[in-house]
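Please treat every number below as a calculation from the coordinates, not as lab data. What you are looking at is a predicted structure, and each value in this text was computed from that prediction instead of being measured. Neighbour counts run over all protein chains shown; Cβ positions are idealised from the backbone, glycine included.
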Amino acid sequence: MTLEMTPIPYRVRSRRADRAESVTLTLEPAEGLCPTFEPGQFTMIYAPGVGEIPISISGRGRFGGYVQTIRAAGAVSRALCRIEAGDLVGVRGPYGTPFDMGASAGMDVIVAAGGLGLAPLRPVIRELAAHPGRYGRLTLLVGARTPSGVLYPRELARWARHFDIRVTVDRPDDKWQGPVGLITHLVDQIAIGPRRTYAYVCGPEIMMRATADALVRRGVPAGRIALSLERNMKCGLGHCGHCQLGPLFTCVDGPVVTYDHAAPLLEVPQL
Amino acid sequence: MDKQPNPVLLDALDPLITALRIGGFRVVGPTVRDGVIRFAELSSAAESPTGWTDAQEPGRYRLRQEGELVFGYAASPDSAKRYTHPPRTTLFRWDKGPIEPEIDAPPTALIGLRACDLAALAVQDRVLGGSAAYRARRAALFLVAVDCATPSAVCFCTSMGTGPKAEAGFDLALTELSEPHRFLARAGSERGAEILAALPHRASAPADLAAAADVTRTATARMEPRRFELDGVKEQVAAARTSPVWEEIASRCLTCANCTIVCPTCFCTTVEDGTDLSDGAAERVERWDSCFTFGFTELGGEPVRASGAARYRQWLSHKFSTWVDQFGEYGCVGCGRCVTWCPAGIDLVEELERLR
Ligand SMILES: Cc1cc2nc3c(=O)[nH]c(=O)nc-3n(C[C@H](O)[C@H](O)[C@H](O)COP(=O)(O)OP(=O)(O)OC[C@H]3O[C@@H](n4cnc5c(N)ncnc54)[C@H](O)[C@@H]3O)c2cc1C
Ligand code: SF4
Ligand code: SF4
């Protein structure tokens, strides 16, 4: 009997320490193949004996498996960041609603990432970059605390072939020549055809709300702005109750929701 | 079941308990412990709370001896939840090899469930039915319901449309009758009918059926003063998200989580991961959690619902509003447990009326 709360053993195929104080792991099932996933979905990763946390899937590894980027935030993420290639972890999932890639076909697409929010958006960006003819103008807005906090720098350079990429930081260093300040300033600077624009947004909640509000002000309908919500999750199955946001179980009705649904809920303090 | 056989009369409970035990069930039913009716494993009807009744009001529970009924009391702090969704259960152990799930689902007969308890089980089925462990524990249950004769002053099942008579979802249902003391028993499943047929019983007469109807009529009448209109409550509670009433309730609420622990539908859990010190195997324990605990919504070191007002709002809004969005029904069955066991005596029915 497979039980939905029982993780499946996965082996750490490779481990890379990022500049951005995070670690990117490629995880493969100890036996068999890992299930397919869609951009925006996440898994529950289990550090044996320590705990289990939701982590977005950032892509498929070169030889299969899941690429996942983890920032050390507390006990479990710290344990996962310390894990070495060859070690075993547990994985459940993938879970959650995906970013709807069909919804943006034929449109200009804005991808806006704040900090680690680039991790769940990476499969979206790769999908867009792989089929540029399917979409209109592609724009990638990235906000980070510091220049070295920008995730996936080498890939960003490659994505620049397809995307108009703009990066802003909160705290520049001596070498930084780009924009400084909120990602919403970038939204205000780019050309937007509101009737043919779709946006994928992920980052801290205040960043997502500010970005979505800025897009709405520019005329983009809230129903065409997709965000990935973050809530405490213990199960990923809609059973533990922790991730509720009003009527939503964020783990099964989300994490990805459009802003027309999310805005009235996020507006209520401490909902 | 194809046809509903006529209810029959039982003179005693012991033959039923014995038959269930021979059938391989551990028999769990009400008993008096520390001045409270609790569920415990029973080996004979002598352990039942015969002649005890309860007085319940917001924040108060007292037992006293009165009458001859075995089931002459209203909801107790225990419910079927303890058996379908245990307070603490090991989910798996991992000792290098494959991760081994654990399910403990002993066949259990629950005696004395009320209509509200059956309704709560149906609610839980819709919430937790996706869990194989829940389904296994649920399938291991044999349910003996009792029609409520003595609802307490906090009960409001008639408002929620869940009681006081057990209508469905049981294997056997009893109506306890007095003068002379007897039980009118009906089967709700094939296996219930089989057990009933094998028990010493007598045919019922129209007078027995009339007496049983009277029990339900009297019980219904007792809840009349507390009856409220359910229509519109879902929308009204959703519309009250920014009402100042939440703050006022929070000034009385201790966020102790008692209400969620005694509630037969509250299902929230957390997990505790650790290693077994004896053999080094990793294991995961699931235990009840509550939306009233401070860290329940922790995100990056801070809870989303930091204030007591936000936590009480989540609890009551879930029961009467967002549960309907999620599952198409209310998350409350009107058992009144949360009212009685709230140390602050907060009565959700009164609070609802203030929010509408
Ligand atoms: C859908 C989803 C996708 C995510 N994707 C990623 C990702 O790709 N990379 C990444 O580094 N992080 C991601 N996170 C955040 C990550 O889950 C948290 O950083 C992690 O749970 C923190 O746990 P901890 O034990 O290390 O920290 P602690 O602070 O010790 O955690 C204590 C408790 O709070 C919970 N918690 C704390 N912070 C968060 C949080 N931010 N989100 C959810 N639960 C939290 C934990 O589950 C734990 O129960 C994601 C979260 C969600 C909901
Ligand atoms: S909310 Fe209160 S009255 Fe309603 S089912 Fe739960 S414990 Fe019973
Ligand atoms: S409502 Fe009552 S029982 Fe529930 S948390 Fe508040 S004080 Fe405790």
Set the Förster radius R0 to 45 Å, insert the Cβ-Cβ distance between A:A17 and B:E102 as r into 1/(1 + (r/R0)^6), and round the FRET efficiency to 0.05. 0.80
Please compute the Kirkwood hydrodynamic radius of the stretch B:30-128 from all pairs of different C-alpha atoms, in Å with one decimal. 15.9
Place a label point 7 angstrom from the Cα of B:N6 along the Cα-to-Cβ direction, then list the residues of the stretch B:188-210 whose backbone nitrogen is under 20 Å away. B:188-189, B:193-210
Can you pull out the trypsin sites (Lys or Arg not before Pro) in the stretch A:174-213 whose DSSP state is coil and whose Cβ has at most 16 other Cβ atoms within 10 Å? A:K175
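Would you mind giving the mean number of other chain beta-carbons within 10 Å of the Cβ of each residue in B:91-102, as a whole number?
For peptide B:91-102, the averaged partner shielding equals 4.
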Using a 10 Å cut-off on Cβ to Cβ distances, tally the other chain neighbours for every residue of B:125-134 and report the average as a whole number. 3
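For the stretch B:163-281, what is the convex hull (Cα atoms) projected area averaged across all directions, in square nanometres?
Mean shadow area of the hull around the Cα atoms is 15.9 nm².
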Among A:A191, A:P94, A:G117 - extreme Cα towards positive end, dipole of chain A, charges at beta-carbon: A:A191
Summed over the other residues with a beta carbon less than 15 angstrom from that of A:T97, with K and R at +1 and D and E at -1, the charge totals -4
What is the packing order of peptides A:41-49, A:135-143, A:98-106, B:98-106, taking the mean over residues of other C-beta atoms within 10 Å and listing the highest first? A:41-49, A:135-143, A:98-106, B:98-106
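What ranking do B:R311, A:R166 get, fewest neighbouring Cβ atoms within 10 angstrom at the top?
A:R166, B:R311
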Given R₀ = 22 Å, FRET efficiency for B:Q65-B:S43 by Cβ-Cβ distance, to 0.05? 0.45
Quick one: which residues, 5+ away or cross-chain, put their amide H under 5 Å from the amide H of A:A20? H built at 1.01 Å from N. none
Enter the mean number of other protein chain beta carbons within 10 Å of the beta carbon of each residue in B:293-302, as an integer. 4
HN-Hα J in Hz across the stretch B:332-346 - Karplus 6.51, -1.76, 1.60, θ = phi - 60°, x for Gly and Pro: 10, 10, x, 7, x, 4, 5, 6, 5, 8, 6, x, 8, x, 6
From largest to smallest, what semi-axes in whole angstrom does the stretch A:102-266 give when each is the square root of 5 times an eigenvalue of its alpha carbon gyration tensor? 25, 19, 16
Fewest-first ordering of B:T108, A:T197, B:T275 by Cβ atoms within 10 Å yields B:T275, B:T108, A:T197
Projected label distance in nm at A:A130 and A:L265, using a 7 Å step from Cα toward the beta-carbon: 2.9
Can you show me the helix-derived [θ] at 222 nm for chain A, built from DSSP H runs with n ≥ 4 at -39,500 (n - 2.57) apiece and divided by the number of residues, rounded to the nearest 500. -6000 deg cm²/dmol
Estimated translational D of the stretch A:151-232 in µm²/s (Stokes, Kirkwood radius over Cα pairs; 10 °C; 1.306 mPa s): 112
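Could you list A:L265, B:L352 in order of exposure, starting from the residue whose Cβ has the fewest other Cβ atoms within 10 Å?
Lowest count first: A:L265, B:L352.
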Give a residue-ordered list of calculated ³J(HN,Hα) values for the stretch B:126-141 (Karplus: 6.51 cos²θ - 1.76 cosθ + 1.60, θ = phi - 60°; whole Hz; x for Gly, Pro). 6, 7, 10, x, x, 8, 4, 5, 4, 4, 5, 5, 5, 5, 7, 8
Nearest 5 is fine: what % of DSSP beta bridges in chain B come out antiparallel, could you say? 80
Within chain B, helix-based [θ] at 222 nm, where runs of 4 or more DSSP H residues each add -39,500 (n - 2.57), nearest 500: -8000 deg cm²/dmol
B:K96: which lysines have alpha carbons under 30 Å from its alpha carbon, excluding same-chain residues fewer than 8 sequence positions away? A:K234
Rg followed by Dmax, in Å, when the stretch A:1-136 is reduced to its Cα trace: 15.3, 48
So what's the protein assembly as shown giving for Cα Rg divided by 2.2 N^0.38 Å, two decimals? 1.12
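If you take the beta carbon distance between A:D188 and A:R60 as r and set R0 to 41 Å, what does 1/(1 + (r/R0)^6) give as a FRET efficiency, to the nearest 0.05?
After rounding, the FRET efficiency stands at 0.70.
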When all C-alpha to C-alpha distances in chain B are sorted into bins of 20 Å, what percent of pairs does each bin hold, rounded to whole numbers? 28, 56, 16, 0
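Give the percent of DSSP beta bridges with both residues in the protein assembly as shown that are antiparallel, rounded to the nearest 5.
Antiparallel bridges: around 70 percent, rounded to the nearest 5.
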Gap separating the Cα centres of the stretch B:142-219 and the stretch A:235-260, nearest whole Å: 40
Could you give the nm distance between label points at A:Q177 and B:E179, where each point is 7 Å from its Cα heading toward the beta carbon? 10.0
Excluding residues fewer than 8 positions from B:K234 in its own chain, the lysines with Cα under 20 Å of it are B:K319
Residues whose built amide H sits under 5 Å from the amide H of A:V91, excluding neighbours closer than 5 in sequence, are A:I8, A:Y10, A:Y46
Note, the stretch A:216-221: 3J(HN,Hα) by Karplus (6.51, -1.76, 1.60, θ = phi - 60°), whole Hz, Gly/Pro = x, goes 4, 4, 7, x, 6, x
